[in-house]
Amino acid sequence: MTVHLDNYREIAGAEVLDELHIVADRVRHLSLQNINSTPVGGGVAEILTRMIPLLKDLGINASWDVIKGDEAFFNVTKAFHNALHGAKETITDEMLDCFRENTEMNLRDMDLHGDVMFIHDPQPAGLIARRREIGKKWAWRCHIDVSTPDPRVWNFLRPMVEQYDASLFSMPDFAQRLPIPQFMVWPSIDPLADKNRELEPEFIRTVLEKYEIDPKRPLLTQISRFDRLKDPLGVIAAYRLAKKKHDCQLVIAGGGAPDDPEGAEVLREVHEAAEGDPDIKVLLLPPFSDLEINALVRGSTIVFQKSLKEGFGLTVSEALWKRKPVIGGAVGGIRVQVINGVTGFLVHSPEGAASRAAQILADPEFGRQMGENGHQHVKQNFLLTRHVKDYLLVMLALEHPGADIVDLV
Amino acid sequence: MPNDQPFHFHTERRLVELAGRQAANLQELRDLVAEVPGSSIFYHTHHLFLSHNLSRHVVYNQFAIWAHEAIQEPALSEKLAAIEIYAFTSIRQLREELLRVIDEHMSAPNFELRQAPRDNLFHFCQSKSFIFPTGVTAWTVPEFFEHLRHISRLSLYFHFLEARLRLERKTNDFSAWLEGRGETQLARAIDALDPYSMDLEGLKSKILALGAQHERPVA
């Protein structure tokens, strides 16, 4: 089902939609072509699926195309992805050739027609080679953290990136020093997606009962992959400490990738740590569990995101949007979503997480107020509508390079 | 000299631009504060006014926040937060004051340079601002205050904070216009409001109260 701009009027506020129209008026004469590497799966495809109809509703001629590539190419780009994140990968000359060959094929076959081109992530970055020939405005939208990349991969990509008119990063911490303007565009959540939309209380209760959670007692939850960097064992330790002061239950839920041996190992450790406590539920959820995850968060009293290292960590905004106070590790994007003491607490240890959880459990009104603050914070900063506005402003920025104040009289 | 030009309300939309420079300790912060564009100094002392309005007790100066959270310098943090930004009408002056406070702190005999955690570096940013006409225009002083009641936070921010310091117009746009209308006393009373001691909603209420007082002077 296609969701339209008007569906966001009540949720985001009429003034937000008016603002989008005001900005769109200034770029309506420009077409916008987005290019990424996959039509489904992954955050980029998810956002573009939602965003393109909204841009069209605003009168922007927006389109989205996907590059082609053989299996070898996508293996190479996966290795690139890991290497850009700082993982050890062997990158051979053959792999670089494979990237070049597939880029050449796409350069030959693709219709690059936008007045403004948004190229998402490294896979299609080489399309910039046609910039001189077709003379459009090009922005490279980098959704990943390239702050500590494998130098071989970054040195390969960097000359491409430097030809763009601008780059877009999700956080300053993810960026590289580049000779082109770099804008910060936070990612966003879609309040109408299954993961976030309002649910009937009856449905929430059914999901809690399915997992034998008592809806009458406080519930602490962490939803994350089974990964050591999400510190699930620290969450269990925090829960045990908090429980000495206040009765509560704990859910640790996450998906598992079949090809992830570390995930299986972490899951085993979590089960072991939870053993003997019927109030801890460890749930390995299958793919497409968005509605159940939504219900588990809505049924919670407090949500943890006790990561030791984190990208942006949009699970925090997903919980704040549902008016849940979040206790998060003071790392990555958690720090901009959790305003310490206002929308939740930033912590550095299981002990810190436990004492903050106990504080909220002791004063439900305080927790409710934090949840309300969190909802407002997300409404102002992390909804899809804000993301759309930023993209429109990037289009405008590409039209007005240079000046830091642009007078649009 | 009095003029009869109308007041055009504007508003702004902004993108955050990364300066690509970061500091991992106080020395690096100091060197970059001396070097980055003025718009970056303005950004880090003003941006939080707009990012949320959930807490009345937030420190707006991001240099002060970083000094406290990343390099554990609470005394420096307090001194930076206590800088009276409203005393300055140019970024140059504000930059010099930041440097003076940092230099003084670093010259203390027991000063030790501490490194920030790798994931909490100070990333210098600036904003790229687009100024939009709202289409709202006031021809008279009463009309001006009536419109002011309905303007957005961003519009207030632009005319009061950006105009005065980032654009270095020396005073806010409202006072400049009222002064031109011959309303010198009212213009000065509004100019005397320190926006850094309140949030934007509080600032608007105070300006409106001054306007109401002006229309109905106390006998």
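A few points about this structure:
- Residue-level check: of (1) surrounded by 20 or more Cβ atoms within 10 Å (Cβ to Cβ); (2) modelled with pLDDT of 95 or more; (3) more than 13 Å from B:Y86 (Cβ to Cβ), B:A163 misses just (2).
- Flag if A:V326 is away from chain B (no Cβ under 11 Å), buried (at least 19 other Cβ atoms within 10 Å of the Cβ) and either out of contact with any Pro (no Cβ under 7 Å at 6 or more places or on another chain) or free of Cβ contacts under 8 Å to residues at least 24 places away in the same chain (or both): yes
- Selection status of B:I131, surrounded by 14 or more Cβ atoms within 10 Å (Cβ to Cβ) and outside any helix (DSSP H, G or I): yes
- From the options A:L384, A:L408, residue that is in contact with a helix residue (DSSP H, G or I) (Cβ under 9 Å, 6 or more places away or on another chain), at pLDDT 95 or above and more than 19 Å from A:R335 (Cβ to Cβ): A:L384
- Of the set (1) at pLDDT 95 or above; (2) surrounded by fewer than 21 Cβ atoms within 10 Å (Cβ to Cβ); (3) farther than 30 Å from A:Y391 by Cβ, all apply to A:D227 but (1).
- Here B:T171, B:T140 are screened, and the one residue that is in the same structural domain as B:L200 (by TED's automatic domain parsing) and within 27 Å of B:P37 (Cβ to Cβ) is B:T171.
- Failed criterion for A:N196 (all others in (1) in contact (Cβ under 8 Å) with a residue 60 or more places away in the chain; (2) within 14 Å of chain B (Cβ to nearest Cβ); (3) crowded, with 20+ Cβ neighbours inside 10 Å hold): (2)
- Candidate set: region B:123-146, residues that are touching a Phe, Trp or Tyr at 6+ places or on another chain (Cβ under 6 Å) and farther than 25 Å from A:V27 by Cβ; chosen: the one farthest from the other protein chains (Cβ to nearest Cβ): B:F144
- In summary, helices (runs of 4 or more DSSP H) completely within region A:72-170 and bearing 1 or more residues that are modelled with pLDDT of 95 or more occur at A:93-109, A:151-161.
Condition check ((1) in a helix (DSSP H, G or I); (2) touching a residue at least 12 places away in the same chain (Cβ under 8 Å); (3) crowded, with 20+ Cβ neighbours inside 10 Å) across all residues:
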site: B:E97; (1), (2), (3): yes, yes, no
site: B:H105; (1), (2), (3): yes, yes, no
site: B:A108; (1), (2), (3): no, no, no
site: B:K170; (1), (2), (3): no, yes, no
site: B:F174; (1), (2), (3): yes, yes, yes
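- Of the residues making up region B:113-130, those that are farther than 30 Å from A:Y391 by Cβ and modelled with pLDDT under 95 are B:P117, B:R118.
- From the options A:G311, A:G374, A:G367, residue that is touching a Lys or Arg at 6+ places or on another chain (Cβ under 7 Å) and either within 14 Å of chain B (Cβ to nearest Cβ) or not in a strand (DSSP E or B) (or both): A:G374
- One residue stands out among those in region A:98-145 that are among the β-branched types (V, I, T) and surrounded by fewer than 21 Cβ atoms within 10 Å (Cβ to Cβ): the one that is farthest from A:G333 (Cα to Cα), which is A:I134.
The values are calculated or read from the model by the stated rules, or taken from the named source; none is laboratory data. Note that the structure is a prediction, hence the values are computed from the model and not measured. When we count neighbours, we look across all protein chains shown, and the Cβ atoms used for this are built from the backbone with ideal geometry, even at glycine.
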